[in-house]
Amino acid sequence: MTIGPQCPPAPYADDVRAKGWRLEIDCERLFQSDTWALTPDAQRGSLLHLLVSAWTQNPCGSLPSQDALIAARIGLPAEVFAEQKAVLLRGWYIWRYFQGIV
């Protein structure tokens with residue numbers, strides 16, 4: 001996870017929602033990614049659920065800033081998410097400054 005101003009620009013504006021845009025997952029790219037390789041088989045379903053959940057957020061492609069909300073959205077108990085967080089959020093950026101938190 002990368003935090004703060006060193007992050008690249010957000011991929012979508014604050015008000016962009018998927019609203020009917022279909023989510024296309026490039027399976028070849030996903031399966032060749034370091035994140036997929038480092039994710040244990042038992043956690044790969046959660047990783048896919050995380051991608052789908054992010055697609056339906058506002059803005060599209062984002063996640064809530066609270067771990068408890070992320071866990072709830074992907075159907076994991078908070079304590080299980082806390083254990084898997086480093087793997088599941090590998091490569092995600094945290095735009096705290098973008099969200100007005102910092």
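No value in this document is a laboratory result; all are computed from the given coordinates. Not measured: the values here are computed from a predicted model. No Cβ is skipped: glycine too gets one built from the backbone with ideal geometry, and neighbour counts run over all protein chains shown.
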Practice problem: Report Rg (one decimal) and Dmax (nearest whole number) for region 14-79, counting Cα atoms only, units Å. | Solution: 12.7, 35
Self-check item: Per-residue HN-Hα couplings for region 68-77 [Karplus 6.51, -1.76, 1.60; θ = phi - 60°; Hz; x = Gly/Pro]
Solution: 4, 5, 4, 4, 4, 5, 9, x, 10, x
Quiz item: What does the highest-first list of 30-40, 54-64 look like by mean Cβ count within 10 Å?
Solution: 54-64, 30-40
Quiz prompt | Nonlocal amide H pairs with C60, under 5 Å, H built at 1.01 Å | solution = V16, R17, A18
Practice problem: Can you tell me the FRET efficiency between F31 and A86 if r is taken as the Cβ-Cβ distance and R0 is 25 Å, rounded to the nearest 0.05? | Solution: 0.75
